[in-house]
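The values are calculated or read from the model by the stated rules, or taken from the named source; none is laboratory data. Nothing here was measured: the structure is a model prediction, and the numbers come from that model. Virtual Cβ from ideal backbone geometry, glycine too; neighbours counted across all protein chains shown. Note: accessible area is taken over every heavy atom of the protein model, side chains too, but ligands, DNA and RNA are not part of it. Shrake-Rupley method; radii C 1.70, N 1.55, O 1.52, S 1.80 Å.
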Amino acid sequence: MTYAEFVERGHYDPEELLALSQGNLVVDAPEEFIRLPAPPMLMITRVTELERRGPRGRIVGEQEIAPHDWFFHCHFRSDPVQPGCLGVDGVWQLVGLYIAACGAPGSGRALGCKEVEFAGQIRPYNRTVRYEVDIRRFSQLKESGSAVAIGTAKVLVDGEHIYTVKDAKVGMFLGIAYPDYPLRSEHSVGGIMDRA
C-alpha cells in the first residue's frame, strides 16, 4: 500500500500487520518509519478500528490466542498464563501504531503508563484478547520532529474486562533507529535517549 493509503486506513488485517513488522507494508514509506515488533513479540493479530479526531482518537486491536503460544510453555510450568506485561506491551504497540497512522515518522518507544490493574488472566484455551485504547492526547513536536500519544486501555479476553492500563504513553523519535544491527554503530548501545 502507499503511505497516503496507510495514514487513511481505519483497520489493518493480519497480513498487513506482519508486513509492517517486517518493514515492507508501505511501498513509499518515510525514511524513518515505524516497525511493529515481529512475531513472537507482535501482540496484535488485527486492528479492527482506528479513528483520528485531532488530538484525540481510538484504536482497537485483537490478538488470537492458541494453546501453543510461546509464553504458555514457560510462564508457568503446570500453570500456563499469558504474562500481564505482554498485555501492556500490546497496548503500547497499538498506541505506537496510532501515532504512525496519524502521519508521524520515526521509531516508537514505550514511555510508561500511570497505572495497571489486573482483574483476570489469559489462558491457553481463551480465544481472543481485545485491546480498546482511547487516545486522550496526540501531539507532534515540530522542533524535534518527535510525536507522543497517551491513551487509556481496556483489555478484554473473550468479552470479559480483565486489565486496565491508564495513560499508556508512547513516543515516536527521529534518528534513533539501529538498522545496521548487529554491527556496532552510533546506536548500538542504549541509555538515555535525550541527553540534552
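Taking every pair of alpha-carbon atoms in the stretch 122-196, give the share separated by more than 15 Å as a whole percent. Could you put the intermediate results ahead of the total?
On the way: 1928 of 2775 pairs.
The calculated P(r) of the stretch 122-196 puts 69 percent of pairs beyond 15 Å.
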Hydrodynamic radius by Kirkwood, which averages 1/r over all alpha carbon pairs of the stretch 157-196, in angstrom: 14.0 Å
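Which semi-axis lengths, in whole Å and largest first, follow from the square roots of five times the eigenvalues of the Cα gyration tensor of the stretch 1-61? Let's see the in-between values first.
Numbers: eigenvalues 65, 50, 21 Å².
Each semi-axis is the square root of five times an eigenvalue, giving 18, 16, 10 Å.
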Portion, in percent, of the accessible area of the stretch 128-185 that falls on carbon or sulfur, probe 1.4 Å: 52 percent
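Can you tally the lysine pairs in the chain where the Cα-Cα distance is under 15 Å and the two residues are eight or more apart, or on different chains?
Numbers: Lys114/Lys154; Lys114/Lys166; Lys114/Lys169; Lys154/Lys166; Lys154/Lys169.
Here the count comes out as 5.
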Ala110-His187 pseudo-label distance in nm [points 7 Å out on the Cα-to-Cβ vector]: 1.9 nm
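For the stretch 53-93, what is Rg from Cα atoms divided by 2.2 N^0.38 Å, rounded to two decimals? Could you put the intermediate results ahead of the total?
On the way: Rg = 14.1 Å, N = 41, 2.2 N^0.38 = 9.0 Å.
So the stretch 53-93 has a normalised radius of gyration of 1.57.
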In Å², nearest 10: area of Asp69 left accessible to a 1.4 Å probe: 30 Å²
Under the Karplus curve 6.51 cos²θ - 1.76 cosθ + 1.60, θ = phi - 60°, whole-Hz ³J(HN,Hα) for the stretch 10-26, x wherever Gly or Pro sits: x, 6, 9, 8, x, 5, 5, 5, 5, 4, 5, 5, 8, x, 10, 7, 9
Area accessible to solvent at Glu5, 1.4 Å probe radius, in Å²: 90 Å²
Kirkwood Rh, Cα atoms: Rg over Rh of the stretch 104-143: 1.08
Relative contact order [Cα under 8 Å, 6+ residues apart], the chain, whole percent: 20 percent
Column: log10 I(q)/I(0), Debye, Cα scatterers of the chain, q = 0.09, 0.14 Å⁻¹: -0.33, -0.81
Reciprocal of mean inverse Cα separation for the stretch 72-147 (Kirkwood radius, Å): 14.8 Å
Approximate spin-label separation His161-Leu141, in nm, with each point projected 7 Å along Cα-to-Cβ: 3.3 nm
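Return one whole number: the accessible area per residue of the stretch 1-131 in Å², for a 1.4 Å probe.
Working: 6520 Å² over 131 residues.
Spelled out: the 1.4 Å probe surface of the stretch 1-131, per residue, equals 50 Å².
How big is D, in µm² s⁻¹, for the stretch 1-104 by Stokes-Einstein at 20 °C and 1.002 mPa s if Rh is the Kirkwood radius over C-alpha pairs?
Values: Rh = 14.6 Å.
Answer, rounded: 147 µm²/s.
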